[in-house]
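Novice: Attaching a single structure in structure tokens format; questions to follow.
The values are calculated or read from the model by the stated rules, or taken from the named source; none is laboratory data. Being a predicted model, the structure only gives us computed values, none of them experimental. Cβ placement follows ideal geometry from the backbone for every residue including glycine, while neighbour counts extend to all protein chains displayed. Accessible surface areas use protein heavy atoms only, side chains included; no ligands, DNA or RNA. Shrake-Rupley method; radii C 1.70, N 1.55, O 1.52, S 1.80 Å.
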Amino acid sequence: MTNQNDHPNPLASHTPVCALGASAGGVAALKSFFANVRADLGLAYVVVVHLAPDHPSALSEILADQTKMPVGQIEAEARLKPNCVYVIPPNRGRRFDCAPVH
């Protein structure tokens, strides 16, 4: 009989992701979501909002006022951490693999 500890879980080092998308009119819903979701669920939250590409976004600051979790824009490759909120900047895209965000 084999012991469960003999076979490490390959997903144990990965952070589960909750991806949220909205149009610019969805900011109120995002604020409500982050005001009500627990900050200790172990998820990395990735927020994608369709905003004007030629204007800076204050979405990170807006969401940071609603949660105890750290909130910031993803500017370069980043390893997602649990209990953090990542905002995709305007006019940017990201591809998700099983490891870093590209």
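Rundown of residues vs (1) open to solvent by less than 70 Å² (accessible area, probe 1.4 Å); (2) assigned to a helix (DSSP H, G or I); (3) of a type in the set (S, T, N, Q); (4) modelled with pLDDT of 90 or more, yes/no style:
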| site | (1), (2), (3), (4) |
| --- | --- |
| ALA12 | no, no, no, no |
| THR15 | yes, no, yes, no |
| LEU20 | yes, no, no, yes |
| VAL27 | yes, yes, no, yes |
| LEU30 | yes, yes, no, yes |
| PHE34 | yes, yes, no, yes |
| ARG38 | no, no, no, yes |
| GLY42 | yes, no, no, yes |
| VAL47 | yes, no, no, yes |
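Novice: Ok, one more. What are the residue pairs meeting all of these: first residue in the stretch 52-68, first residue farther than 17 Å from ALA29 by Cβ and in a loop (DSSP other than H, G, I, E, B), second residue of a type outside the set (Asp, Glu) and open to solvent by 60 Å² or more (accessible area, probe 1.4 Å), Cβ atoms under 7 Å, and 6 or more apart or on different chains?
Specialist: Taking only residues 6 or more apart or on different chains, the pairs are PRO53/ASN91.
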